[in-house]
Amino acid sequence: MYNVEGKIGGDAPLSPRGLQYARALPGLIREKLGEDTNLTVWTSTLHRTIQTAHYLPFTKLTWKSLDELDAGVCDGMTYEEIEVRTGSNVPSWVVSSFLSNPRDEHSGSGFGPVRLTPVPGSVS
């Protein structure tokens with residue numbers, strides 16, 4: 001429920017509204033794609049993505065490469081808390097994350113080292 005609280009990162013569960021969406025998702029997919037649709041659903045390893053896919057009647061696979069970037073020491077903080085902690089505004093924090101290539105668990109992932117990774121198997 002980090003997004004409800006304005007926090008970034010984390011491995012929070014879905015909010016009540018997110019659970020409502022997850023329960024409605026199978027009907028939406030059947031409505032849009034038909035009853036005979038057969039899909040493979042890929043999720044990240046984060047709980048909220050797995051919860052979102054839970055009610056889908058399809059094969060589900062998790063893939064760590066789909067996880068969001070690690071926010072490091074700012075994980076679980078609001079943007080206001082990040083400003084207080086870092087002494088700079090959020091746009092500067094985002095820019096520095098984009099330009100940095102952190103090497104330790106406290107710095108987070110940063111955007112610089114992100115690379116495209118091929119999806120295993122075939123995509124259809």
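Derivation of every value follows stated rules applied to the coordinates shown; laboratory data play no part. All figures in this text were calculated on a predicted structure; none of them were measured in a lab.
Data table
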item	result
Cα gyration tensor, segment 1-65 - rounded (a/c under 1.5), prolate or oblate	oblate
Built amide H within the under 5 Å cut-off of Thr43, gap 5+	Leu61, Thr62, Trp63
Residues with amide H under 5 Å from that of Met77, placed H, sequence gap 5 or more	Ile8
Sequence-distant aspartates and glutamates (8 or more away, or on other chains) whose Cα lies within less than 15 Å of Lys64	Asp11
